[in-house]
Structures are given as C-alpha cells and as structure tokens.
Amino acid sequence: MAISLEGKTLADRIKEEVRQKTARYRETLGKVPGLVAVLVGDNKASQVYVRSKQKACQDLGLFSEVHAYAGDISQVMLLGKIEELNRRDEVDGILVQLPLPSQIDPFAVICALSPEKDVDGLHPFSLGTILANKPGFRPCTPLGVVEMLREYKIPIEGRDVVVIGRSLLVGKSLAAMLTNENGTVTTCHSRTRDLDKVCSRADILVAAMGKEAFVKPEFVKPGAAVIDVGINSVSDPARVKAYFGDDEKRQKDLQTKGYTLVGDVHPAAFERAGAMTPVPRGVGPLTIAMLMKNTLTAFERRRAGS
Ligand code: NAP
C-alpha cells in the first residue's frame, strides 16, 4: 500500500509562511502583495476557481481584486485593461483565468502581461526561463508537483519519469522542470503508442490528462511514485462503487454533493505504488498555495529588493 502524499498539509504550511511574511511586510513597509484576477464571461468553473483564489488572498492578508468582464468584451478592450494593471503599482501579480471566450486569443492576452507580474507562469518569457533553467515564475500546478516530490524526498535525479499530458499549463512545463531536476523524462500524449508499457517503466509517473481513472494499476511499476494531477467529478453511483467500493466518505459525498472527485489514476493503483497523491487533497491544494507564493515573490522582487 502506497504512502499518501498529502498536498493539503504541505499547502497549509506554504500558506502559513506567506501569511507570516505578508504580516511582516505590512508592519515594516506598510505594503502587502497584491493579486488581481481577470475573469471574462460566466464560466461557472472559472468563477469557482477565481473565488477560491480571492479567498486565499483574504485569508493570508494579501490585497486582491477580481476584474470581471462580460463575455463579449473585445480583445482590444481586454488588452487595454491588462495594460492598466501592468501600470498599477499596488498590483504585483495578474492572473487571467482561462479559458477565454472565442473572440479572444488567450496567447495574445498572456503575452500582454508584464512578465514581472506573471504569477501564473504562462507568459512566453516565464516559459523560456524554464527551458533555460533560470529563475522565473513557474506555472503553479507543476511547481506544486516539484515541491511535493521535494517535500517527500522522492529522488528525481537519474530516475525514469513519465508525464502523461503535454499542456503548457501542466504536462509540458512539468516535463521541462523535471528535466532541469535531472530526471530522464518521457512525455506522453493522445498519440503515444503502448502507453501502459511506457508508464510501467516509470519510477515517477505523473498523470495530467483529464481522463477519469484512465491510468490502471497495471500501468504502475511496483513501488513507483504516482502523482495524480487530474480532477474529475463523478456522479454515477456504479462508477463510484467501481473506484472506491463501499468507502463511506465517497458515499457521503454522493449523498450530500451529488458527486465525488476522482483523479486520472484509478484509485486501486494505491495498492501497487510506493507513494501516491490522493484526490482530493493531493496536488489540488498546492496549486493555490504556489500562486500565493508566486505573488509574494513578485512583491519581493518589485518592492523589497530581494
Ligand atoms: P488538457 O489541456 O486538456 O491536456 C490534456 C493532455 O492529456 C493533452 O496533452 C492530451 O494529449 C493528453 N491526453 C488526453 N487523452 C489522452 C490519452 N488517452 N492518452 C494519453 N494522453 C492523453 O488538460 P490540462 O489543463 O493539462 O489538465 C489535465 C488534468 O489536470 C485535468 O484533469 C485538469 O482538471 C487537471 N488540473 C488540475 C490542476 C490542479 O490544481 N490539481 C490544475 C490544472 C489542471 P494531446 O495533446 O495529444 O491532446
């Protein structure tokens, strides 16, 4: 049975550090880190994500604003808004919640961010610093995964690492970051042949594909570390039973919320892995914690001269 890699515990510690440093800056400089979230349209999931980021800012004492725009805003108008935020001194970090409506090119909007305020780490400058292995903002979810491996002292150097998924937000950035950590990294995607065989060589297997319980226990090398980035909501009682048996907590989720969360890895892989992230409370909580940490870092670089 794998040890459970508890992202929630690590995330709480990182957030506590941000809270304490923020309180110190408030006392010594009379200023705190500031984060603005830009939200376009009425995508429900985006609204939930932005609210939870804003709540984290409030809990930790950061200054935060949400700039919400109607779904039919033009690209030119939105770029103008980003320009205003780039100029505002009390704004250290700007995050543009994706996806954006179809009339807007997300790449153009991300490129318009000042790289020094790119706390989501998606600007081409930030991505370039990953490839160059130089300091810069890292996307929050991959950064959380690397922190998790460090926290649990899971060695990366020289190990065979397989990352399933090649989005900029997660898979491709993470693969480059793990290469920088001297892992021998293979990136898989929807055209990869014999995915099960490729995965079964991995000492560290990361699943970031958005496919419910797709990675079966037999994909996992016995004793491997498995990082499950996927977050999928399941409401079908038969599938919940297939994944979790009669687990009381999952049955309660179904009754109270109407769904429970499952990752991209089948929960039965816990029996085979040496260490594995649970879903929820694994990678998920780290993403917001890393956003808070990146915002603090942006503040320190801009104001505290560190
Ligand atoms: P994405 O942009 O949809 O990318 C999915 C990737 O998975 C693509 O590269 C795709 O390959 C690959 N893929 C899809 N089906 C596959 C298959 N059958 N075999 C192999 N590869 C396959 O998703 P994302 O934004 O990277 O997110 C991935 C997952 O992570 C989602 O479940 C998302 O909810 C979750 N997520 C979690 C957090 C967090 O905080 N924990 C943050 C971000 C995302 P192609 O490139 O060939 O299409």
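The values are calculated or read from the model by the stated rules, or taken from the named source; none is laboratory data. These figures come from a predicted structure and were not determined experimentally. So basically every Cβ, Gly included, is an ideal-geometry build from the backbone, and we count neighbours across all protein chains shown. With ligands, DNA and RNA removed, areas are computed over all heavy atoms of the protein, side chains included. Shrake-Rupley method; radii C 1.70, N 1.55, O 1.52, S 1.80 Å.
From the residues in segment 53-76 that are assigned to a helix (DSSP H, G or I) and within 16 Å of GLN97 (Cα to Cα), which one is farthest from the chain's Cα centre (by Cα)?
Looking at residues that are assigned to a helix (DSSP H, G or I) and within 16 Å of GLN97 (Cα to Cα), I get GLN75.
Give me the pairs, please: first residue somewhere in segment 204-216 and among the basic types (Lys, Arg), second residue anywhere and more than 9 Å from the ligand (Cβ to nearest atom) and not in a loop (DSSP other than H, G, I, E, B), beta-carbon distance under 8 Å, and either six or more positions apart or on two chains.
Cβ pairs passing all conditions: LYS216/ASP196; LYS216/ALA268; LYS216/ALA269.
Residue-wise test of (1) touching a helix residue (DSSP H, G or I) at 6+ places or on another chain (Cβ under 7 Å); (2) within 12 Å of ALA176 (Cβ to Cβ); (3) open to solvent by 20 Å² or more (accessible area, probe 1.4 Å); (4) among the acidic types (Asp, Glu).
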site	(1), (2), (3), (4)
SER126	yes, yes, no, no
ILE130	yes, yes, no, no
ARG138	yes, yes, yes, no
ARG150	no, no, yes, no
ILE154	no, no, yes, no
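Identify the residue in segment 276-296 that is under 20 Å from ILE3 (Cβ atoms) and open to solvent by less than 20 Å² (accessible area, probe 1.4 Å) and, among all such residues, is nearest to the ligand (Cβ to nearest atom).
The extreme case among them is VAL283.
Contact list please: Cβ distance under 7 Å, first residue in segment 248-262 and more than 12 Å from PRO280 (Cα to Cα), second residue in a helix (DSSP H, G or I), pairs at least six apart or on different chains.
Between residues of segment 248-262 that are more than 12 Å from PRO280 (Cα to Cα) and residues that are in a helix (DSSP H, G or I), the close pairs are LEU254/PRO237; LEU254/VAL240; TYR259/ASP253.
Within the bounds of segment 190-199, is there any residue that is within 13 Å of the ligand (Cβ to nearest atom) and in contact with a Gly (Cβ under 7 Å, 6 or more places away or on another chain)?
No: zero hits.
Hey, could you check segment 99-124 for residues that are within 16 Å of the ligand (Cβ to nearest atom) and free of Cβ contacts under 8 Å to residues at least 12 places away in the same chain and say which is surrounded by the fewest Cβ atoms within 10 Å (Cβ to Cβ)?
The selected residue is PHE107.
Could you say which residue among ASP196, ASP160 is in contact with a Phe, Trp or Tyr (Cβ under 8 Å, 6 or more places away or on another chain) and open to solvent by 40 Å² or more (accessible area, probe 1.4 Å)?
Only one candidate passes the filter, namely ASP196.
Being under 18 Å from the mean Cα position of the chain (by Cα) and either open to solvent by less than 30 Å² (accessible area, probe 1.4 Å) or without any contact (Cβ under 8 Å) to a residue 12 or more places away in the chain (or both) is the filter here; which residues of segment 34-50 pass it?
Those that are under 18 Å from the mean Cα position of the chain (by Cα) and either open to solvent by less than 30 Å² (accessible area, probe 1.4 Å) or without any contact (Cβ under 8 Å) to a residue 12 or more places away in the chain (or both): LEU35, VAL36, ALA37, VAL38, LEU39, ALA45, SER46, GLN47, VAL48, VAL50.
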